[in-house]
């Protein structure tokens with residue numbers, strides 16, 4: 001781990017890869033150090049936001065160094081099921097890129113739970129990983145200017161659900177009618193770091 005101050009009230013922890021992020025995040029989110037008010041994972045980092053009136057960055061750094069990452073941890077109670085219509089515009093192309101038929105891609109996408117590793121790009125957009133999934137799907141050579149909300153997509157090792165209409169270069173394999181981001185809901189984002197997601201083929 002490499003620990004760096006991020007401004008005067010946050011500590012950035014750099015690790016080797018996404019598995020390390022998930023393990024460290026699971027430990028810190030379950031038992032945050034004294035004075036830490038938010039823990040934010042990303043692809044290769046974990047950011048700890050502090051209350052300077054309650055702690056110092058040195059104290060938080062020492063607590064992080066004493067933390068034992070929790071490999072393979074799942075947060076109890078955070079599980080959602082998303083019905084998906086697997087009729088995406090890129091389903092056949094994505095399947096071919098993986099050496100699969102469209103049906104085989106759907107079976108693989110629904111065969112095991114995914115976990116939200118981190119969020120970004122747009123409010124409510126979760127980057128989901130499937131343990132042992134072995135996904136490696138290139139982005140589209142030409143991004144779309146408009147991707148419909150609810151689109152289920154693949155890119156690299158990740159799957160995701162577009163929370164609103166936006167540009168995007170991921171491979172679209174389907175769509176869900178579930179709103180993954182809704183300001184009228186508390187919390188607004190359905191897919192938060194650590195949440196387990198099961199995609200199911202909609203009838």
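The values are calculated or read from the model by the stated rules, or taken from the named source; none is laboratory data. Because the structure is a prediction, the values reported are computed rather than measured. As a convention, Cβ positions derive from the backbone with ideal geometry for all residues, glycine included, and neighbour counts pool all protein chains shown.
Inspect the stretch 129-150 for any residue being at positive phi, in contact with a strand residue (DSSP E or B) (Cβ under 8 Å, 6 or more places away or on another chain) and in a strand (DSSP E or B) and give the result as yes or no. No, every residue in the stretch 129-150 fails to be at positive phi, in contact with a strand residue (DSSP E or B) (Cβ under 8 Å, 6 or more places away or on another chain) and in a strand (DSSP E or B). Scan the stretch 178-188 for residues that are surrounded by fewer than 19 Cβ atoms within 10 Å (Cβ to Cβ) and in contact with a strand residue (DSSP E or B) (Cβ under 7 Å, 6 or more places away or on another chain) and the total you get is 2. Among residues of the stretch 8-31 that are over 23 Å from residue 52 (Cα atoms), none has a Cβ under 6 angstrom from a residue that is modelled with pLDDT under 90 and not in a loop (DSSP other than H, G, I, E, B) at a sequence gap of 6+ or on a separate chain. So, residue 117, is that one at negative phi and assigned to a loop (DSSP other than H, G, I, E, B) or not? Spelling it out, it is not the case that residue 117 is at negative phi and assigned to a loop (DSSP other than H, G, I, E, B). So which residues in the stretch 113-129 are in contact with a helix residue (DSSP H, G or I) (Cβ under 8 Å, 6 or more places away or on another chain) and either under 13 Å from residue 197 (Cβ atoms) or not assigned by TED's automatic domain parsing to the domain that holds residue 164 (or both), if there are any at all? 115, 117, 129 - these are the residues of the stretch 113-129 that are in contact with a helix residue (DSSP H, G or I) (Cβ under 8 Å, 6 or more places away or on another chain) and either under 13 Å from residue 197 (Cβ atoms) or not assigned by TED's automatic domain parsing to the domain that holds residue 164 (or both).
Checking each residue of the stretch 149-172 against the condition of being assigned by TED's automatic domain parsing to the domain that holds residue 104, within 26 Å of residue 21 (Cβ to Cβ) and free of Cβ contacts under 8 Å to residues at least 24 places away in the same chain gives at least one match.
The residue that is surrounded by the most Cβ atoms within 10 Å (Cβ to Cβ), among those in the stretch 68-89 that are in a loop (DSSP other than H, G, I, E, B) and at pLDDT 95 or above, is 88. Condition first: in a strand (DSSP E or B), at pLDDT below 95, in contact with a strand residue (DSSP E or B) (Cβ under 7 Å, 6 or more places away or on another chain) and surrounded by fewer than 18 Cβ atoms within 10 Å (Cβ to Cβ). Can you find one or more residues in the stretch 5-22 that meet it? For the stretch 5-22, residues in a strand (DSSP E or B), at pLDDT below 95, in contact with a strand residue (DSSP E or B) (Cβ under 7 Å, 6 or more places away or on another chain) and surrounded by fewer than 18 Cβ atoms within 10 Å (Cβ to Cβ): absent.
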